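The values are calculated or read from the model by the stated rules, or taken from the named source; none is laboratory data. Model, not experiment: these values are computed from the prediction. Here Cβ is always computed from backbone atoms with ideal geometry, including for glycine, and neighbour counts include all displayed protein chains.
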Amino acid sequence: MRIKTHFRVTAVAAAFALGLTACGGGGGTTDDPGGNPSGEPTGEPGGSYSADLTEPTFLAPASNCYESECSAVLKMVNDPLVSTDFETGELIFDGMAESIEPNDDQTVWTVTLKEGLMFHNGEPVDSDAFLRAWNYSQNPKNAQATAGFMARIEGAGKGPEMSGLKAVDDQTFEVTLSGPFSQFGQQMSYAPAFAPIAQECIDDIKACNESPIGTGPYQMDGKWMHDQGITVTKWADYQGELPANADTIEFKMFTAPTAAYRDYQNGGVDVLNVAPEIYLEAKGELADAILEEPTASLTYLGFPTKEAPYDNEQLRQAISLSIDRELIIEKVLNGLADASTDIVTPPIPGSRDDACEFCTYDPQRAKDLLEESGVDPSSFTLELYFNADSGHELWTEAAARQIQENLGIDYELKSTEWAQYLELLDGEEFTGPFRLGWSLDYPSPENYLRPIVGTGGDSNYTGYSNPEFDDLVVQGDEAATLEESFELYAQAGDIALEEMPIIPMWSGTTAIAASDSVGDVRYDVGDGEIAFGEITVSQ
Amino acid sequence: MGRYVARRLVQFIPVILGTLFLLHVLSVLTIQIVGDPVRALFGENAPPEAILEQLRANYNLDDDCLEQTGNPCVRLFVDRLAQYASGDFGINFRGRSVAELFVERFPVTVRLTVIALVFETVVGIFLGVMAGLRKDKLVDNFVRFSTVLLIAFPVFVFGTLAQLFIGLELGLPLRDSERAPEWLGQMLTVTYNPEFPWLSLMLPGLVLGAFSLAAIARLTRTSLIENLRSDYVRTARAKGLTSSRTVGVHTLRNSLIPVVTYIGIDIGLLLGGALVTEGIFNIPGVGQLVFLAIQANDTPVILGVVTILTVVFLVANLLVDILYAALDPRIRYE
């Protein structure tokens with residue numbers, strides 16, 4: 001998943017801070033639930049505004065960008081290859097691709113590019129530019145953060161060139177996957193991982209990182225001022241379709257959320273991500289001027305499903321039923337979350353609002369299930385794990401107390417540093433439920449189900465493995481239409497929600513403040529950031 | 001004098017080596033106990049192992065000793081010394097040179113330090129002298145009361161209050177107003193503004209200097225009162241010297257020795273970056289660099305910057321020791 005690094009509460013930790021990802025919001029003039037990129041701005045183009053941003057990791061090569069801050073900047077500077085509609089899950093060809101066509105068994109994908117595309121420096125955007133970038137990205141020598149996205153392509157990760165990537169002509173190239181995968185088009189809508197690269201950029205990557213050469217509606221105005229700011233300005237020769245309303249956007253970086261909010265009060269920042277630290281103060285002062293929108297991030301508790309007593313399915317269900325999610329959201333998270341009804345979060349196409357039978361609060365049923373399970377609640381202590389200093393202390397304790405109250409199981413909270421947490425995760429050494437989060441790489445239910453609960457999934461630390469579940473996901477991958485694949489993914493989801501290797505807790509909500517001088521502020525669920533290009537400035 | 005300085009310079013070497021080794025051991029232990037910082041750059045789903053291995057090699061974190069808890073990794077330490085000796089302070093986790101990072105930020109911190117130092121020394125000594133000369137009078141009571149107040153307030157409270165009331169409530173109308181001069185509005189700022197590299201550091205500088213100001217005022221006062229009672233002051237008075245000469249030349253100069261000692265330590269501390277103040281006013285200084293590096297477990301930055309700061313601290317204290325001789329004729333260095 002993409003890491004969110006807001007205000008640097010240790011790399012990833014911030015991502016899931018209080019489940020609200022400390023990050024952008026949206027709304028503005030539309031009531032769009034977010035994510036629909038077709039929301040037309042109403043204001044006039046022109047003008048300039050500033051927004052807060054956390055220092056990105058890398059800007060070039062784009063394939064080294066795997067967190068929300070660099071992708072927010074790169075979204076301005078780069079055109080995507082293709083986008084995904086969050087309502088239907090279908091591809092939208094508003095980027096560089098004219099068409100993307102799979103063969104019958106979804107293994108060979110042909111990408112045709114639009115005519116006459118250019119980089120900011122005048123180099124053509126052709127098949128070679130993509131081959132150059134993708135081959136660079138997959139090569140382990142280059143240690144690119146998004147190299148994993150290339151893993152499905154034949155021959156990836158073995159040398160300087162992948163055997164599965166071939167140019168047909170200047171405008172067309174062919175991608176051969178090592179197995180059928182119907183969601184490959186959707187996967188390519190994570191723009192940074194699949195961006196082309198200019199020859200000038202690959203020749204001097206260090207210089208390019210300071211001032212990326214892109215293909216998008218904006219180009220860098222001066223160099224990247226590390227930990228201070230990044231300014232982008234409209235590219236006069238832009239031929240693409242992405243919205244670019246303001247002439248200039250200045251991104252400012254702040255060490256502490258409070259400093260960012262003070263600068264917002266001072267008029268120095270027009271668009272501000274309202275971090276949890278300042279939410280109550282900002283809410284008190286700005287009230288309804290704060291826009292709150294759902295994000296696609298999921299917070300959940302995982303079980304070590306091979307450890308007794310957590311290998312007992314009914315115990316897992318009972319624990320889930322004994323947690324009052326709504327109460328925790330209201331009292332601890334300031335209302336900034338939505339209780340889970342599915343593993344797939346609401347903004348993602350194919351998500352369901354009634355899928356999770358055991359996600360409701362029902363203490364009586366929880367007690368009955370505990371009794372049926374035959375587990376003696378006094379025979380063990382529930383050890384609840386979370387990573388320290390990332391805002392999880394309060395809600396994990398609240399959840400543990402509810403479990404204690406409703407089921408009579410004593411608890412112990414265990415917190416570790418993030419690096420140590422990851423080691424425990426990778427080694428599957430947890431001896432009790434553990435907190436984790438997930439957000440999308442690409443908008444597909446598959447991107448939640450397979451990594452979290454699939455056998456050997458990238459983020460499956462529960463030890464859970466169910467061949468029936470895996471089989472349904474594979475069938476979904478191979479389905480001919482999106483509708484069929486969503487149906488199959490839903491069946492797979494039902495199995496996981498019944499056996500509960502993880503308890504879905506809630507999906508995040510983000511808060512954003514916008515000054516009077518800007519309009520059309522909207523949160524883009526896919527990017528996990530505000531849609532900066534759409535913002536208009538009143539002049 | 002020359003020999004004294006040379007001897008002190010030689011003494012720097014074991015101090016720097018000791019500091020480096022201590023830091024090295026701490027950073028190695030952190031990695032051994034807390035876990036692999038390269039893995040922590042990523043989220044829940046690990047990237048392919050080949051990528052992690054390559055990154056570990058890039059950052060010199062691929063030594064096996066980093067997996068054996070308690071192993072001080074002496075070989076890594078020797079490598080690092082050789083690297084530092086050649087002027088290479090390594091790269092951070094984002095591939096940027098540590099020396100470059102430091103050079104980018106040091107001027108900001110120096111500016112902030114200068115403002116704070118000038119403020120605390122001038123105002124602090126002035127208040128101290130006023131209070132010392134009028135012991136137990138109104139001025140003295142005022143200085144004593146206000147300095148206790150300044151010392152009692154933690155800097156984050158003081159800084160936040162200054163930012164809210166001076167920067168925002170007072171400064172914002174000034175900045176918006178057509179009539180008020182621009183420099184005034186920028187001086188009462190909320191956050192650092194690179195377009196006004198000195199003016200927008202004024203308020204943070206004053207906040208930063210406030211604590212030391214109180215300390216300097218009190219040190220000056222006490223020291224002055226004590227020296228005013230000494231025999232040579234009585235002799236000077238008896239000789240019929242004017243009171244300004246008695247105080248200015250014969251008393252104040254040697255009363256400043258504890259003050260200069262304090263300032264010397266303070267320079268070292270201030271140049272090391274004022275973490276809290278820089279955080280409140282969003283100043284991209286050395287403190288912020290170290291703070292961010294600690295949060296990210298970015299060992300190369302922490303080690304490189306702290307090494308440079310150790311040297312800065314040592315030099316500042318050497319200068320102070322040399323200053324003693326200039327202030328008090330009884331002190332000589334041979």
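Close contacts from region B:82-102, counting a first residue that is within 14 Å of another protein chain (Cβ to nearest Cβ) and a second that is in a strand (DSSP E or B) and hydroxyl-bearing (Ser, Thr, Tyr), with Cβ to Cβ under 9 Å and a gap of 6+ residues or different chains, come to B:ILE91/B:SER97. A residue that is crowded, with 24+ Cβ neighbours inside 10 Å, in contact with a Leu (Cβ under 8 Å, 6 or more places away or on another chain) and of a type outside the set (S, T, N, Q) can be found somewhere in region A:244-252. When the residues of region A:424-440 are filtered to those that are surrounded by fewer than 20 Cβ atoms within 10 Å (Cβ to Cβ) and in contact with a strand residue (DSSP E or B) (Cβ under 9 Å, 6 or more places away or on another chain), the one that is farthest from A:ASP311 (Cα to Cα) is A:LEU424. Taken together, A:VAL232, A:VAL274, A:VAL269 contain a single residue that is surrounded by 22 or more Cβ atoms within 10 Å (Cβ to Cβ), within 14 Å of chain B (Cβ to nearest Cβ) and touching a residue at least 40 places away in the same chain (Cβ under 8 Å), which is A:VAL269. Quick check: anything in region B:109-132 without any contact (Cβ under 8 Å) to a residue 24 or more places away in the chain, of a type in the set (A, V, I, L, M) and within 14 Å of chain A (Cβ to nearest Cβ)? There is no residue in region B:109-132 that is without any contact (Cβ under 8 Å) to a residue 24 or more places away in the chain, of a type in the set (A, V, I, L, M) and within 14 Å of chain A (Cβ to nearest Cβ). Of all residues in region A:431-449, none satisfies being more than 18 Å from A:ARG316 (Cα to Cα) and free of Cβ contacts under 8 Å to residues at least 60 places away in the same chain.
If you take the residues in region B:163-198 that are among the small types (Gly, Ala, Ser) and within 11 Å of chain A (Cβ to nearest Cβ), which one is farthest from B:PRO107 (Cα to Cα)? If you could, list the steps in order and put the result at the bottom.
Quick first cut of region B:163-198, residues among the small types (Gly, Ala, Ser) only: B:167, B:171, B:177, B:180, B:185.
Subset that is within 11 Å of chain A (Cβ to nearest Cβ): B:167, B:171, B:185.
Working: B:GLY167: 23, B:GLY171: 25, B:GLY185: 23 Å.
Result: B:GLY171.
Of the strands (runs of 3 or more DSSP E) contained entirely in region A:1-117, those carrying at least 2 residues that are at pLDDT 90 or above and within 13 Å of another protein chain (Cβ to nearest Cβ) fall at A:48-53. Looking at A:TYR448, is it touching a Ser or Thr at 6+ places or on another chain (Cβ under 9 Å) and either surrounded by 22 or more Cβ atoms within 10 Å (Cβ to Cβ) or assigned to a loop (DSSP other than H, G, I, E, B) (or both)? Taking the combined requirement at face value, the residue satisfies it.
The residues of region B:139-163 that are over 24 Å from the mean Cα position of the chain (by Cα) and not acidic (Asp, Glu), listed by number, are B:VAL139, B:ASN141, B:PHE142, B:VAL143, B:ARG144, B:PHE145. Taking region A:208-234 as the range and being aliphatic (A, V, I, L, M) and under 20 Å from A:GLY533 (Cα atoms) as the test, the residues that pass are A:ILE213, A:MET220, A:ILE230, A:VAL232. One residue stands out in region A:451-471 among those that are surrounded by fewer than 21 Cβ atoms within 10 Å (Cβ to Cβ) and in a loop (DSSP other than H, G, I, E, B): the one that is nearest to the other protein chains (Cβ to nearest Cβ), namely A:ASP458.
Note on region B:32-55: residues that are more than 7 Å from chain A (Cβ to nearest Cβ) and surrounded by fewer than 21 Cβ atoms within 10 Å (Cβ to Cβ) total 5. Out of curiosity, is B:THR277 within 25 Å of the chain's Cα centre (by Cα), of a type in the set (Ser, Thr, Tyr) and more than 23 Å from B:ALA326 (Cα to Cα)? So B:THR277 passes the test.
Considering only region A:398-419, I want to know if a residue exists there that is surrounded by fewer than 22 Cβ atoms within 10 Å (Cβ to Cβ) and within 12 Å of chain B (Cβ to nearest Cβ). Checking region A:398-419: at least one residue is surrounded by fewer than 22 Cβ atoms within 10 Å (Cβ to Cβ) and within 12 Å of chain B (Cβ to nearest Cβ).
Those helices (runs of 4 or more DSSP H) of region A:270-377 in which at least 2 residues are farther than 18 Å from A:GLN404 by Cα and within 27 Å of the chain's Cα centre (by Cα), considering only elements entirely within it, cover A:276-286, A:325-331.
Is it fair to say B:LEU117 is over 25 Å from the mean Cα position of the chain (by Cα) and crowded, with 18+ Cβ neighbours inside 10 Å? When the stated conditions are applied, B:LEU117 does not pass them. Read through the list (1) assigned to a helix (DSSP H, G or I); (2) surrounded by fewer than 24 Cβ atoms within 10 Å (Cβ to Cβ); (3) hydrophobic (A, V, I, L, M, F, W, C), then give the number of the only condition that B:LEU213 fails. Checking B:LEU213 against (1) assigned to a helix (DSSP H, G or I); (2) surrounded by fewer than 24 Cβ atoms within 10 Å (Cβ to Cβ); (3) hydrophobic (A, V, I, L, M, F, W, C), the one that fails is (2). Of A:ALA244, A:ALA236, A:ALA256, all but one fail to be at pLDDT below 95, closer than 19 Å to A:TYR523 by Cα and of a type outside the set (Phe, Trp, Tyr); the exception is A:ALA244.
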